[in-house]
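Step one of this worksheet: look at the structure below.
The values are calculated or read from the model by the stated rules, or taken from the named source; none is laboratory data. This one's a predicted model, so the numbers in the text were calculated from it and none came from an experiment. Every residue, glycine as well, gets a Cβ built from its backbone with ideal geometry; the counts of neighbours run over all protein chains shown. Accessible surface is based on the protein model in full, side chains and every heavy atom, while ligands, DNA and RNA are left aside. Shrake-Rupley method; radii C 1.70, N 1.55, O 1.52, S 1.80 Å.
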Amino acid sequence: METTHEFNGIAVRQSGVSAAKRAGLLALAVMFVAGLTSCGTPGANTNCKDFNAMKSGDQTNVIKKIYADKGETNPSALKVTAYKLSAKAYCQVKPSDAKLSGMSG
C-alpha cells in the first residue's frame, strides 16, 4: 500500500509498510543472523587440518558443539577432554581433510 502526502507543497510518497511488519521483518533478520552465528562452530564437520590449527579453547568449543549436536548440552569436563585427546590422536593418523565425524563414538 502506498500513500501520498503533501509536505511544503511537495508530494511525498510513503510506502505502506506498517510498524508491525517492520518489527516482524526485523525479528526475522535477527533470527537469521543468530542462525548464522550459531553455525560458527562447525562441530563434527571440522576437518583435521582446521582442528589442528585451532587454539585449545576453540578445539574445546568444537567438541562441545559435537556433544550438543548429539543432544548432550552439558558434557563433563572429563568427557570433553577425553574426546579432544581422541580427536587430536585421530587427526595425527588421518589426512588433513578427514572430518571429525569420521571418529567412532
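Structure values in brief
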quantity	calculated
The stretch 89-101 residues that are closer than 14 Å to Asn45 by Cβ, paired with ones that are β-branched (Val, Ile, Thr) and surrounded by 15 or more Cβ atoms within 10 Å (Cβ to Cβ) (beta carbon under 7 Å, 6 or more apart)	Lys99/Thr46; Leu100/Thr46; Leu100/Ile66
In the stretch 85-105, the residues that are charged (D, E, K, R) and open to solvent by less than 80 Å² (accessible area, probe 1.4 Å)	Lys88
Residue ID - nearest to Ser86 (Cα to Cα), chosen from residues in the stretch 18-52 that are charged (D, E, K, R), surrounded by fewer than 16 Cβ atoms within 10 Å (Cβ to Cβ) and modelled with pLDDT of 60 or more	Lys49
Residue ID - surrounded by the most Cβ atoms within 10 Å (Cβ to Cβ), chosen from residues in the stretch 53-70 that are of a type in the set (A, V, I, L, M) and closer than 9 Å to Gly43 by Cβ	Ile63
Residues located in the stretch 73-84, provided they are surrounded by 10 or more Cβ atoms within 10 Å (Cβ to Cβ) and either within 17 Å of the chain's Cα centre (by Cα) or assigned to a helix (DSSP H, G or I) (or both)	Lys79, Val80, Thr81, Ala82, Tyr83, Lys84
